[in-house]
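Data first, discussion second: the structure below is written as structure tokens.
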Amino acid sequence: MANPVENSRKIKDKALELGFLQAGIAGADYLSEDAGRLSSWLDNGYHGTMGYMENHFEKRLDPRKLVEGARSVVVVSQNYCTREKQLDESAPRVSRYAFGKDYHQIMRKKLRSLYVYMEKQIGLHSGRIFVDSAPVMERAWGHRAGLGWIGKNSLLLNRKHGSWFFTGVIITDLELEPDQPVKDYCGDCSRCIDACPTNAILPGKVVDASRCISYLTIENREARLPDEFRGRMQNWAFGCDTCQDVCPWNNNAHSHCETWLNPRPGLLELSLGEWKALDEAEFDRIFKGTAVKRTRYKGLRRNIDFLSD
Ligand code: SF4
Ligand code: SF4
């Protein structure tokens, strides 16, 4: 017999057994609180050149438009916290989530194992896995599923693990027991807002992605970065961790123990001179299998050159 409470516990136990940091459950309801926020974010053009964000507005907000008969959203997180650092402090910087293997494929594989478990042991009939791959608002679901609150930097964070984690989602037709959203513990802290080098963090937990270094160095495909950001990049060549580095909830986060997330050989050792001289063959060798490959050599070269112009 279906027992939502017992089944929810089994799914969470299995997720932890698979090495996920946390797992939580939300009802597959319309994200009504996020509708207005998303709409005004788009109207303000904060998505920059990410035109795809304008597509599938209703699907982003309603999981039942992605999975027919959806009743629950299972959200998992994967720790990528590391204290390892690039050795040359003057070298162009890479966001720490990209030190090791690209998380998308591995998260998918682990979620696939969870999905199969849910099919065989719990009776899932239909569902879909999402890892940053379709119109799914993973952070909003993470909040609803009790994995954390949305910080002023718009990231999902919690008191125990900070914000150094990826999230993935399974939308399913299973009836499960929803968790309670976590209270907001940002309080009157404004460290991320004060530290953001490009003033991308706006009041109301809004990030203007078109000003965010993560967007500028990864998603933005224009041939040149805008001049107004010259001298303000804090040496970031791929992504940016500044608003997470300063967040007090990240002080006690513990490091991951996943070998696939360990830095690619040679990545942390690259000196400023080697970064400047980086050619395509070396780019392929050093960044093989990492998320840095998303920019291709051309994009990373653009970013490196912008830092030293
Ligand atoms: S990632 Fe960097 S640029 Fe983007 S909001 Fe955070 S501190 Fe600002
Ligand atoms: S730095 Fe402060 S305001 Fe920003 S997310 Fe962390 S706790 Fe919240």
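Since every read-out is calculated from the coordinates, none of them should be taken as a lab result. Because the structure is a prediction, the values reported are computed rather than measured. Positions of Cβ are backbone-derived with ideal geometry, glycine not excepted, and every protein chain shown enters the neighbour counts.
Annotations
- For ALA35 and GLU6, a Förster radius of 25 Å and the Cβ-Cβ distance give a FRET efficiency of 0.15, rounded to the nearest 0.05.
- Relative contact order for region 173-309: 27 percent, from Cα pairs under 8 Å spaced at least 6 residues apart, divided by residue count.
- Helix 296-308 axis, angle to the chain major axis (alpha carbon atoms, nearest 10°): 50
- Cα-based helix-to-principal-axis angle, 103-117 vs the chain, degrees rounded to 10: 10
- Relative exposure of ASP194, ASP241, ASP102, judged by other C-beta atoms within 10 Å (fewest first): ASP194, ASP102, ASP241
- Scanning residues 5 or more positions from CYS81 or on other chains, those with amide H under 5 Å from its amide H are HIS256, with H placed 1.01 Å from N in the peptide plane.
- Separation of region 279-299 and region 77-126, taken as the distance between their Cα centroids, equals 19 angstrom.
- Using θ = phi - 60° in the Karplus curve 6.51 cos²θ - 1.76 cosθ + 1.60, the 3J(HN,Hα) couplings for region 9-26 round to 5, 4, 5, 5, 4, 5, 4, 5, 4, 7, x, 6, 6, 8, 8, x, 9, 10 Hz; x is entered for Gly and Pro.
- Loop chymotrypsin sites (Phe, Trp or Tyr not before Pro), region 24-58 (other Cβ atoms within 10 Å of the site Cβ: 16 or fewer; DSSP): TYR30
- Remark: the ARG294-GLN105 segment gains 66.7 nm on full extension, using 0.36 nm per residue and subtracting the alpha carbon distance.
- Judged by a Cβ-Cβ distance under 4.7 Å, the unpaired cysteines of the chain are CYS81, CYS186, CYS189, CYS196, CYS212, CYS240, CYS247, CYS257.
- DSSP bridge analysis restricted to the chain gives an antiparallel fraction near 90%, rounded to the nearest 5.
- Our summary gives the chain a relative contact order of 25 percent, counting only alpha carbon pairs under 8 angstrom and 6 or more residues apart.
- Rel. contact order, % - alpha carbon contacts under 8 angstrom, at least six apart, region 88-200: 26
- Backbone N within region 238-272 under 13 Å of label point (7 Å from ASN199 Cα along the Cβ vector): none
- DSSP loop GluC sites (Glu not before Pro) with at most 12 other Cβ within 10 Å: longest gap in the chain: 90-221
- Cross-link pairs beyond the 27 Å C-alpha cut-off, checked among LYS110/LYS160; LYS101/LYS276; LYS14/LYS152; LYS12/LYS109: LYS14/LYS152
- Selection among TYR117, SER308, ALA35 by position relative to the dipole of the chain gives TYR117 as farthest towards the positive end (Cβ unit charges, Cα centre).
- Built amide H within the under 5 Å cut-off of ARG93, gap 5+: TRP236, ALA237, PHE238
- Computed from backbone phi, the HN-Hα couplings of region 219-227 come to 6, 5, 9, 5, 5, 10, 7, x, 4 Hz, rounded to whole numbers (Karplus: 6.51 cos²θ - 1.76 cosθ + 1.60, θ = phi - 60°; Gly and Pro given as x).
- Exposed trypsin sites (Lys or Arg not before Pro) absent - longest run of the chain, DSSP non-H/G/I/E/B, at most 15 other C-beta within 10 Å: 1-82
- Full extension of the segment from LYS85 to ASP305, taken as 0.36 nm per residue of separation minus the current Cα-Cα distance, would add 77.0 nm.
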